[in-house]
Amino acid sequence: TSKWVLGYLSRLGWLHGVPLSQNTTDVDKKQKEKQPRKVTKILEVGAINTELLNAAAEEEKQNVPALKEKRNKLHVRAIDLRSSHPGIEEKDILTLPLEKDYHVIVCSMVINCITRADQRGLLLTRLYNNLLPGGLCFLTLPGLCLTQSPHLDKKRFLELLEFGIGFDIKETKASPKIEFFILERPLVERGGNQQKNVWSVSRTLFRGKKYRNTFDVTI
């Protein structure tokens, strides 16, 4: 997951900070590189290792003046219910006070560990609300959640993310076992929960022995 996240942020140029102005559509690459930047704030939810924390620590290691402008400008806060490292805080995203100032949130293989559909919806809502406008959420979950659930498939899950929560879908991909989503909180809010009543109750959409996974999300 960290390789995927850092690779995407590298393509955006966000490893070296986020431009102070996000209106860069008509700015060429060289001009973008010269723009003033602020530290990219990242929240990692369900951190099981320190790879993102280590990427942020690279800034401390690079003390060569010639490399100063190319240092990683990342600040990573890593949380998990049970910490496996001193740098990972023992916090619950469902009860964590909203900060609403993260440029990036990484939430890998967490939503499937939550047992209630309404709590999964709360997770997605809190991921959205903790992001700054224009911020990105990197979300992953097991593919079986969307292929063997009687309540959700990938199409319906994407609709929930977009029209129920309010995200813009930037990119999706899949491996044989995992679904990957890059989601953006829009710069201009269109209002999440546009179809709140559509997602407020669990519905059985598919029937058969294949659909034995109980995964669902309600909001």
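Peptides 125-133, 90-98: what's the order by average Cβ count within 10 Å, highest mean first?
125-133, 90-98
For a quick check, take a GNM of the chain with Cα springs below 10 Å and name the residue from 20, 183, 141 with the largest mean-square fluctuation.
Between 20, 183, 141, it is 20 that shows the largest mean-square fluctuation.
With n ≥ 4 as the cut-off for DSSP H runs, can you work out [θ] at 222 nm for the chain, using -39500 (n - 2.57) per run divided by the number of residues, rounded to the nearest 500?
-7000 deg cm²/dmol
Could you order the peptides 4-15, 168-179, 146-157 from most to least packed, using the average number of other C-beta atoms within 10 Å per residue?
So the peptides 4-15, 168-179, 146-157, ranked by packing, come out 146-157, 4-15, 168-179.
Given the Cα atoms of the chain, and with Rh set as the inverse mean 1/r over their pairs in the Kirkwood sense, what is Rg to Rh to two decimals?
Using only Cα positions, Rg/Rh for the chain is 0.99.
What do you get for the angle between helix 117-130 and the principal long axis of the chain? Use alpha-carbon atoms, 0 to 90 degrees, nearest ten.
20
Tell me the relative contact order for the chain as a rounded percent, counting alpha carbon contacts under 8 Å between residues six or more apart.
17
Any idea what the dipole of the chain comes to, in debye rounded to 20, about its Cα centre with Lys/Arg Cβ at +1 and Asp/Glu Cβ at -1?
The calculated dipole for the chain is roughly 500 debye.
Helix 51-61 versus the longest principal axis of the chain: what angle, 0 to 90°, nearest 10, using Cα atoms?
Once rounded, one gets 10 degrees.
Sorted by average packing, counted as other Cβ atoms within 10 angstrom per residue and highest first, what order do 39-46, 105-112 take?
39-46, 105-112
Express the C-alpha Rg of the stretch 99-219 as a ratio against the empirical globular expectation 2.2 N^0.38 Å, rounded to two decimals.
That works out to 1.01 for the stretch 99-219.
Using Cα springs under 10 Å in a Gaussian network model of the chain, which residue among 81, 124, 205 shows the largest mean-square fluctuation?
Per the Cα network of the chain with a 10 Å cutoff, 205 tops the list.
Give me the angle, in degrees from 0 to 90, between the Cα long axis of helix 2-12 and the longest principal axis of the Cα atoms of the chain, rounded to the nearest 10.
60
Count the lysine pairs in the stretch 75-219 whose Cα atoms sit under 18 Å apart, keeping only pairs 8 or more residues apart in sequence or on different chains.
11
Since every read-out is calculated from the coordinates, none of them should be taken as a lab result. Just so you know, these numbers come straight off a predicted model, no measurement behind them. Virtual Cβ from ideal backbone geometry, glycine too; neighbours counted across all protein chains shown.
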